[in-house]
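The values are calculated or read from the model by the stated rules, or taken from the named source; none is laboratory data. If you're wondering where the values come from, they're calculated on a predicted model, not measured in any experiment. Every residue, glycine as well, gets a Cβ built from its backbone with ideal geometry; the counts of neighbours run over all protein chains shown.
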Amino acid sequence: MVNNIVEILLIEDSPDDAELTIRTLKKNNLANNLVHLHDGEEALAFLFSETQKVTPKLILLDLKMPKIDGIEVLRAIKNDPEKRIIPVVVLTSSKEERDVIESYKLCVNAYIVKPVEFEKFTEAITQLGFFWLILNEPPK
Amino acid sequence: MKVYFEKRILGGFVLAIIILVGLGIYSYSNNQKSIQTSRMVSHTNEVLYYIEQLNSSVLTLEVELLRFNILGDTTFLQFYRNEIVQGTKHIQKLKELTKDNSFQQNNIESLMNLGRKKIEHIQKIIEAKRISPHTLTNLIPSPYNHSIKFQMQKVILDMKNKEKHLLETRMEANQIEIYKFNTTFLVFQIFIGAILIAVILTINGNLKKRIKAEKSLQDAKDDVQDLYDNAPCGYHSLDSRGYFLDMNTTMLKWIGYTKEEVIGKMTFLNIVTQDGVETFKKEFPTFKKQGFINNIEFNILRRDGNSFPIILNSTADVDIDGNFIRSRSSTFDNTERKLAENKIKQLNYELEAFTYSVSHDLRAPLRSIDSYAKILREDYGKGIDAEGNRLVEIIVKNARRMGQLIDDLLDFSRLGRMELMKSKVDVNQIVEAVKRELMEQEKRSNIDFAIHALEPTMADPNMLRQVWINLISNALKYSSGQQHSKIEVGCYQQKDNTIYFIRDNGVGFDMKYVSKLFGVFQRLHKIQDFEGTGVGLALVHRIIMRHGGRIWAEAKINEGATFYFFISSKHD
């Protein structure tokens, strides 16, 4: 998993959701430099690795994951003086108010609830991909 | 009643005393009179004595005179002189004694005259004896001397009789007086006796009544004490420093001390845990000032070091100037309630965890079902026949429906946990806004929607908005089959409540099933006829119930339905 350029870091434990997300991004040519990590532990290991420095343009973060959940990952990123500038978008099934509040308290950059319906889901992923990777100007 | 009896007793005593004083005065005056009478009697006896002396003098003198005449006894002269002196003395005494009695005075006068005559005559006799003894025979015995003697004796007898008569009269009067006195005394004694008996009877009766009253008072006191001691809640009283003035048996049992150990020796701070000490120090001065405190919670410390929660309510006993005297507190063992509260908290927590997991875990597979079915259709649709495509469609349709069910269920469960934020709500504004929003999505134009003036109410605006959204969309949905939909929203006053209603001319329903109308996932129509999950009205029902209100409906098949509801006007 050594990529010099990582544009999108997808942290998602559900293989189906990951596949649907990657499929949608690929259809829009947005998934060329995408790394998929399967839980919070992997994510922290990857992000805070001693051997390589990775600064993705966008982190897509699921909340409910085994071992270390998304909130913990978000806290680690936003508490780190270097990593805190990376845009993090929470992509989750949870509509729970406390998750939304907690995420924003930790300075999340956006909070997207995954729609259940396929059309709405692909629409949401497409829009957020275009916005964050093309429209948005990331920190260099 | 009591006053009346005491007046009677007092009256009895006063009357008895008056009679006693009267009797005393009467006795005294009677005694004085009696003394007077005795004095009179002795006076009369004295008079009689002197009369008797005179009589004796007269008789003795006569005898001695005869002896002198016959024997010539010369001692007579001496005797005579003595008798004259004695007689004069007696006469003088008599005169003095009877100076208020004219009859006796007259008699004394005549007696003195007779005495003088007698003396003259005796002088003659003595003279004759000395000079010419022969003349003596003319002088004594002689009719003259005899006559004087006789007259004197007669006068003396008269006097004696008079005095005796006087004595008798006086004795008789005295007797009558004594009899009268005795009779009167006896009558009044009996009277006093009767009064005293009456008074004693009355006092006795009063005493009996008082004893009875005191006994019933004591009984009532015992009853109250018994209730106080054995009530299922703890009672106690504190003085202004927080020391216990009283505590009932129930509370003593709770804390494990005896009454002697607690009263006047322990303060409230001795039986509360550390957090309670802070609460007490903060609340007790406020309580003393405002005179009451309600539903304050403490953890009570038992003798063995264990503690348990209570709820305390207290009122202050104050004097006329409003100064604090003592508290009157009742406490309830809150253990059960705390346990129940914790259980509810636990259940709520579990419920929350459940809904959280529902929102997360049920959606993810659903998304996969929906998405992969659609990918299948998209990527391989051309390779599958019509029946295969129909089956894929069924999967997609059911995935959507299940998504809707999950969302509605989550809404419904979230509502139970959401806090009510009541404020004054302009119902007209809400209904107008909801109508506008829903009508924008409506494709039909043949809808007659009438909104009458609606009273404002106290409610949670967001929840009330949800109520109207669900009711109005239902009305639109179920009247959609009509050529011309008619929807009417209004309100009217019934007693203290404003009743809102919404009426449509839609398909209605059978009143037989009205009890199922507000149940979760209960539907009265087929899914092919009208879409829905059966949560809408259950949600409305839950919101209205949480507002302390009521909702009900009236309908007929194919003749429309009317929903009524009101919200409790009470603030909380």
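For the reader, a short list of remarks on this structure follows.
- Among the residues of segment A:28-41, the one identified as more than 13 Å from the chain's Cα centre (by Cα) and either within 11 Å of another protein chain (Cβ to nearest Cβ) or crowded, with 17+ Cβ neighbours inside 10 Å (or both) is A:30.
- Any hit, segment A:49-58, residues being within 28 Å of residue A:97 (Cβ to Cβ), more than 14 Å from chain B (Cβ to nearest Cβ) and not aromatic (Phe, Trp, Tyr): yes
- The numbered conditions (1) surrounded by fewer than 12 Cβ atoms within 10 Å (Cβ to Cβ); (2) closer than 26 Å to residue B:527 by Cα are all true for residue B:447 except (1).
- Residue match in segment A:69-80 (condition: under 21 Å from residue A:18 (Cβ atoms) and of a type in the set (Asp, Glu)): yes
Here's the yes/no breakdown for (1) under 23 Å from residue B:434 (Cβ atoms); (2) of a type in the set (Asp, Glu); (3) over 60 Å from the mean Cα position of the chain (by Cα):
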{"position": "B:477", "(1), (2), (3)": "yes, no, yes"}
{"position": "B:480", "(1), (2), (3)": "yes, no, yes"}
{"position": "B:487", "(1), (2), (3)": "yes, no, yes"}
{"position": "B:491", "(1), (2), (3)": "yes, no, no"}
{"position": "B:498", "(1), (2), (3)": "yes, no, no"}
{"position": "B:520", "(1), (2), (3)": "yes, no, no"}
{"position": "B:529", "(1), (2), (3)": "no, yes, yes"}
{"position": "B:546", "(1), (2), (3)": "yes, no, no"}
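- Sole residue being surrounded by fewer than 18 Cβ atoms within 10 Å (Cβ to Cβ) and either touching a residue at least 60 places away in the same chain (Cβ under 8 Å) or in a helix (DSSP H, G or I) (or both), chosen from B:416, B:403: B:416
- The residue pairs whose first member lies in segment B:9-35 and is acidic (Asp, Glu), whose second member is at pLDDT 85 or above and surrounded by fewer than 14 Cβ atoms within 10 Å (Cβ to Cβ), and whose beta carbons are closer than 9 Å, counting only pairs six or more residues apart or on different chains, do not exist in this structure.
- For residue B:496: the one exception among (1) surrounded by 18 or more Cβ atoms within 10 Å (Cβ to Cβ); (2) within 24 Å of residue B:421 (Cβ to Cβ); (3) in contact (Cβ under 8 Å) with a residue 60 or more places away in the chain: (1)
- Check on residue B:423, at pLDDT below 80 and at negative phi: no
- Qualifying residue in segment A:6-25 (condition: more than 14 Å from chain B (Cβ to nearest Cβ) and of a type in the set (Lys, Arg)): no
- Test result for residue B:322, small (Gly, Ala, Ser) and either away from chain A (no Cβ under 14 Å) or within 60 Å of the chain's Cα centre (by Cα) (or both): yes
- Residues within segment B:204-230 that are in contact with a helix residue (DSSP H, G or I) (Cβ under 6 Å, 6 or more places away or on another chain) and touching a residue at least 60 places away in the same chain (Cβ under 8 Å), tallied: 1
- Residues located in segment B:158-196, provided they are of a type in the set (Val, Ile, Thr), in contact (Cβ under 8 Å) with a residue 60 or more places away in the chain and closer than 30 Å to residue B:94 by Cα: B:178
- Here residue B:470 clears all of (1) in a helix (DSSP H, G or I); (2) in contact with a helix residue (DSSP H, G or I) (Cβ under 9 Å, 6 or more places away or on another chain); (3) over 30 Å from residue B:421 (Cβ atoms) except the condition numbered (3).
- Only residues that are hydrophobic (A, V, I, L, M, F, W, C) and within 13 Å of residue B:308 (Cα to Cα) were counted across segment B:261-275, and they come to 2.
Conditions (1) assigned to a helix (DSSP H, G or I); (2) at pLDDT below 90; (3) of a type in the set (S, T, N, Q), marked per residue:
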{"position": "B:171", "(1), (2), (3)": "yes, yes, no"}
{"position": "B:177", "(1), (2), (3)": "yes, yes, no"}
{"position": "B:181", "(1), (2), (3)": "yes, yes, no"}
{"position": "B:184", "(1), (2), (3)": "yes, yes, yes"}
{"position": "B:206", "(1), (2), (3)": "yes, yes, yes"}
{"position": "B:222", "(1), (2), (3)": "yes, no, no"}
{"position": "B:236", "(1), (2), (3)": "no, no, no"}
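- Taking the criterion of being touching a strand residue (DSSP E or B) at 6+ places or on another chain (Cβ under 9 Å), surrounded by fewer than 20 Cβ atoms within 10 Å (Cβ to Cβ) and either touching a residue at least 24 places away in the same chain (Cβ under 8 Å) or under 22 Å from residue B:403 (Cβ atoms) (or both), no residue of segment B:523-546 qualifies.
- Neighbours by Cβ (under 6 Å, 6+ apart or cross-chain): first from segment A:10-23, of a type in the set (Asp, Glu); second surrounded by fewer than 23 Cβ atoms within 10 Å (Cβ to Cβ): A:12/A:18; A:13/A:38; A:13/A:39; A:16/B:368
- One residue stands out among those in segment B:338-392 that are under 30 Å from residue B:295 (Cα atoms) and surrounded by 13 or more Cβ atoms within 10 Å (Cβ to Cβ): the one that is farthest from the other protein chains (Cβ to nearest Cβ), which is B:338.
- Checklist (1) away from chain A (no Cβ under 14 Å); (2) of a type outside the set (Gly, Ala, Ser); (3) in a helix (DSSP H, G or I) applied to residue B:409, failing item: (1)
Results for (1) modelled with pLDDT of 85 or more; (2) of a type in the set (D, E, K, R), shown as yes or no for each residue.
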| site | (1), (2) |
| --- | --- |
| B:2 | no, yes |
| B:6 | no, yes |
| B:30 | no, no |
| B:51 | yes, no |
| B:66 | no, no |
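- Residues of segment B:393-406 classified as within 11 Å of another protein chain (Cβ to nearest Cβ) and β-branched (Val, Ile, Thr), total: 2
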